[in-house]
Amino acid sequence: MTAGTRSYLVTGGVGFIGSHLCQALLEGRDERITCNELVILDDFNDFYDPRIKEAHLKVLTETARSVGTPLHLYRVDIRDRAALEPIFERHAPGLRQGGIVHLAARAGVRPSLSEPALYLSTNVDGTFNLVDLARRHDIQKFVFASSSSVYGDNPDQVPFREDQDVNHPISPYAATKIMGENLLYSYVHLYQMQIVALRFFTVYGPGQRPDLAIHKFTRLISEGKTIPVFGDGSTRRDYTYIDDIIQGVLAAVHYDKTLFEVMNLGESQTTSLSELISHLEEAVGKKAIIDRQPLQPGDVPITYACIDKARNLLNYRPVVPVSQGIPRFVAWYKAHQNALSATL
Ligand SMILES: NC(=O)c1ccc[n+]([C@@H]2O[C@H](COP(=O)([O-])OP(=O)(O)OC[C@H]3O[C@@H](n4cnc5c(N)ncnc54)[C@H](O)[C@@H]3O)[C@@H](O)[C@H]2O)c1
């Protein structure tokens, strides 16, 4: 590594959002950010098929080679402090010029009900290891993936604003994200680190996690199978297209006006579950067969982001509404389904 190298560490870098972010960093999509060295840390766990993560890595390796940027991959668990130490030793000089984007986590509300201990250890202990090592190595810049789930069950308080009460999470997953934000704030207060916590609102697009509704429903509708629909279809979500999220994450990486901010990244538009299914039916070209089930504990009736803060501080401008994003996702799914079914 040469003096002045700017390195970026992306945890969870071969996951859905992480692989898009790494691709954007390698391509230099935000001209304000120069990435001379990319460091990816991921344990390739089997929350969903790890071959999807291997496929993301393959694409990233090819991009890194074509643009001539060194890519260092570490297959480690963020809970394993001893394994993280030498990585920080090695890359700290570059990371001091660049920074860390911490996306690795156990994601998803429903699975956090069956494995709360795993969610706690990964999302809280893991986040602690990373921010504490960053502090010890004098790495200032840290961007954290939080979640809209921190807003809990508050349909009368939409659109959700960053300054409203988030002390009543209704799932272990949501609790871990608010704990993460609070822990990071304490590090900013004590050590003047420069941290942005981004509350993502349901992210979708090419490469979306197969456990999430849009991907799962697309597969089941395409195969003529029934789709499980929880509730009467009136629950509403603020679905955010992946390119818009990446635009916001890159702007947060660049942001340096204040030491600590929490910001929503959403589309600031809501779509009911029934409307979502109609969009999917149209894009897939088939009717959905619905298996109606009761609402699930931990689910919230609505998520809806106020994005004024990100607009003002990050110049965040989401541009892909669901009416355009769903056909794009389904086009990706169709193009990849043969490859997917061949590998899975
Ligand atoms: N996708 C969404 O809609 C959404 C919404 C809100 C917040 N988020 C947050 O954004 C981040 C990325 O989400 P995603 O949808 O890309 O999920 P993902 O599961 O595709 O990506 C997470 C990555 O982290 C890795 N990882 C998990 N535990 C790890 C550990 N102990 N050590 C090392 N690596 C580990 C996984 O292998 C995976 O590649 C997560 O923090 C998630 O909580 C996502």
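No lab work stands behind these numbers, since they all come straight from the coordinates. A quick note: this is a predicted structure, and the numbers were derived from the prediction, not measured. Don't worry about glycine lacking a Cβ; one is built from the backbone with ideal geometry, like all the others, and counts go over all protein chains shown.
Below are the figures for this structure:
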{"item": "Exposure proxy order (Cβ contacts within 10 Å, fewest to most) of 222, 171, 323, 114", "result": "114, 323, 222, 171"}
{"item": "Relative contact order %, the chain, counting alpha carbon pairs below 8 Å whose residues are six or more apart", "result": "18"}
{"item": "Descending semi-axes in whole angstrom, ellipsoid equivalent of segment 153-205, from the Cα gyration tensor", "result": "22, 14, 12"}
{"item": "Residues of segment 179-212 with amide N under 15 Å of the 7 Å Cα→Cβ point at residue 110", "result": "209-212"}
{"item": "Total lysine pairs whose alpha carbons fall under 30 Å of each other in the chain (8 or more apart, or interchain)", "result": "26"}
{"item": "Computed FRET value (nearest 0.05) for residue 168 with residue 272, which takes r as the C-beta separation and R₀ as 35 Å", "result": "0.90"}
{"item": "Pair residue 230, residue 296: separation of 7 Å Cα→Cβ label points (nm)", "result": "0.4"}
{"item": "Convex hull volume of segment 1-63 per residue (C-alpha atoms, cubic angstrom)", "result": "79"}
{"item": "R0 of 25 Å, Cβ-Cβ distance residue 157-residue 315: FRET efficiency to nearest 0.05", "result": "0.45"}
{"item": "Value of [θ]222 nm, deg cm²/dmol, for the chain, DSSP H segments ≥ 4, -39500 (n - 2.57) each, nearest 500", "result": "-14000 deg cm²/dmol"}
{"item": "Radius, Kirkwood style, for segment 7-160 when every pair of distinct Cα atoms is counted (Å)", "result": "16.3"}
{"item": "Segment residue 90-residue 49, extension gain: residue separation times 0.36 nm, minus the distance between their alpha carbons", "result": "11.7 nm"}
{"item": "Anisotropy class of segment 179-294 from Cα gyration tensor, a/c 1.5 cut", "result": "prolate"}
{"item": "Share of Cα-Cα pairs in the chain lying beyond 35 Å, as whole percent", "result": "18"}
{"item": "Approximate spin-label separation residue 135-residue 259, in nm, with each point projected 7 Å along Cα-to-Cβ", "result": "1.1"}
{"item": "Fraction of alpha-carbon pairs over 16 Å apart in segment 244-305 - percent", "result": "67"}
